[in-house]
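Asks: Okay, handing you the structure first.
The values are calculated or read from the model by the stated rules, or taken from the named source; none is laboratory data. Here the structure is a predicted model, which means the values were calculated and not measured. Heads up, the Cβs are rebuilt from the backbone with ideal geometry, glycines too, and the neighbour counts pull from every protein chain shown. Accessible surface areas use protein heavy atoms only, side chains included; no ligands, DNA or RNA. Shrake-Rupley method; radii C 1.70, N 1.55, O 1.52, S 1.80 Å.
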Amino acid sequence: MKKHYIMAPGPTPVPVDVLLAGAKETIHHRTPQFLEIMEKTLDEARYLFQTSNRVYAFVSSGTGAMEAAVTNLVNPGEKAIVVVAGKFGERWKEICEAYGINVVEIALEWGEAVTPEQIEKAMKEHPDAKVIFTTHSETSTGTVIDLQAIAQITRNTDRVLVTDEVSGLLAEPLKMDEWGVDVVVAGSQKGIMMPPGLAFITLSKKAWEIVKNNKCPRYYFDLRYYEENYPDNPWTPAVNMIYMLNQSIKMIKEEGIENVWERHRILGEATRNAVKALGLELFSKRPGNVCTAVKVPAGLESKKITKLMRDKYGVTIAGGQGKISNTIFRIAHLGYVSLFDTISAISALEFTLHELGYPVKFGEGVRAAMETFHKEGVAG
Ligand SMILES: Cc1ncc(COP(=O)(O)O)c(C=O)c1O
């Protein structure tokens, strides 16, 4: 018997109630019955983004929503400012380049967080770059940026601030309207506690003004179709996933979004304290609450750590990505995760490191995690 724990930053564990919500009869999507569910669900999805703007759901993974943001906001040949400090910043750049957009790159060391000053400088140097693409939680490095402070710089200008919240949503506080963020993209398989398959986008009025007349070639992700048909989907929606979304929003509302953010903060804190207690080093210069990126100790290999964790202990964590694939491993604390999932993951890490020859005193990481939960007032 092997019990499985997903402690990777997506897909994340899915609660049984969400799975069961999807296990209902598929009804036809162009019926008043389904439209009523769709309208109610999309309406309630605004809560996740803390926005009064409409939320649109695509049948795609998160990257689809990223592509939608690019093609609906920028034209080939135009400039866009793109922050690249990891794999997902790189993805913004690659999508832009695929459409012939002239990328003004803010290139940082992986693990660094872009500062508001760096954004401001790029805006001054490139007054013709109307759109700025950022990654709130850079999953590949476990880094969070100060999105609120960045939005403070863009909000009263003609610039449009786009943020990738594919992993950040619900793990990092986001108040789209209050902060003045223009465009947010997200995916179902992370903080929303669903399987992969849905992506989301929501836009401010300022962003919509661009979308309406943007000339960039697009079809499936042309937001004008989604707006014209809202709440209906221009193409076949993922009917059963909408049922699931309805259930997951219900659960998130029951917990309360501030409590969801706080739970992630505490899980992140416990994980960071645990790995530090084991003598390990964090990779990120500004660690976030989606996943903890840990430097692989000298003499060990990321692949061996993740393989042993998964194959022997049933705990799936993530290795590194791209150019840092062998430099780090990542333990997530994202979505449907409780303190005991984290404690289990840390104990599996202790067994694994010990078996691979790294000096571990059993329980030191677990103790630090437990002490954090106690100190934060959630246990003991
Ligand atoms: C920050 C971020 N952006 C984008 C993506 C891409 O999402 P997807 O794999 O759902 O297309 C991911 C996936 O891990 C992510 O973490």
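Asks: Could you pull out the residue among K253, K285 that is more than 21 Å from E350 (Cα to Cα), open to solvent by 30 Å² or more (accessible area, probe 1.4 Å) and in a loop (DSSP other than H, G, I, E, B)?
Replies: K285
Asks: Any chance region 296-303 includes a residue that's outside the structural domain of A199 (by TED's automatic domain parsing), among the aliphatic types (A, V, I, L, M) and touching a Lys or Arg at 6+ places or on another chain (Cβ under 8 Å)?
Replies: no
Asks: Just checking, how many residues over region 325-352 are in a helix (DSSP H, G or I) and either open to solvent by less than 10 Å² (accessible area, probe 1.4 Å) or in contact with a Gly (Cβ under 8 Å, 6 or more places away or on another chain) (or both)?
Replies: 8
Asks: In this structure, is G89 crowded, with 18+ Cβ neighbours inside 10 Å, within 16 Å of the ligand (Cβ to nearest atom) and on the phi > 0 side of the Ramachandran plot?
Replies: The answer is no for G89.
Asks: Restricting the first residue to region 40-58 and requiring it to be free of Cβ contacts under 8 Å to residues at least 40 places away in the same chain and among the small types (G, A, S), which pairs with a second residue that is open to solvent by less than 50 Å² (accessible area, probe 1.4 Å) and in a loop (DSSP other than H, G, I, E, B) meet a Cβ separation below 8 Å and a spacing of at least six or different chains?
Replies: none
Asks: Hey, among E281, E269, E376, E371, which residue is in contact with a strand residue (DSSP E or B) (Cβ under 7 Å, 6 or more places away or on another chain), among the acidic types (D, E) and at pLDDT 95 or above?
Replies: Only one candidate passes the filter, namely E281.
Asks: Next up: Taking the residues in region 110-122 that are of a type in the set (D, E) and without any contact (Cβ under 8 Å) to a residue 40 or more places away in the chain as candidates, determine which candidate is nearest to G142 (Cα to Cα).
Replies: Restricting to residues being of a type in the set (D, E) and without any contact (Cβ under 8 Å) to a residue 40 or more places away in the chain, the top hit is E117.
Asks: Look through T163, T134, T139 and report the one residue that is over 23 Å from I252 (Cβ atoms), within 11 Å of the ligand (Cβ to nearest atom) and in contact with a helix residue (DSSP H, G or I) (Cβ under 7 Å, 6 or more places away or on another chain).
Replies: The match here is T134.
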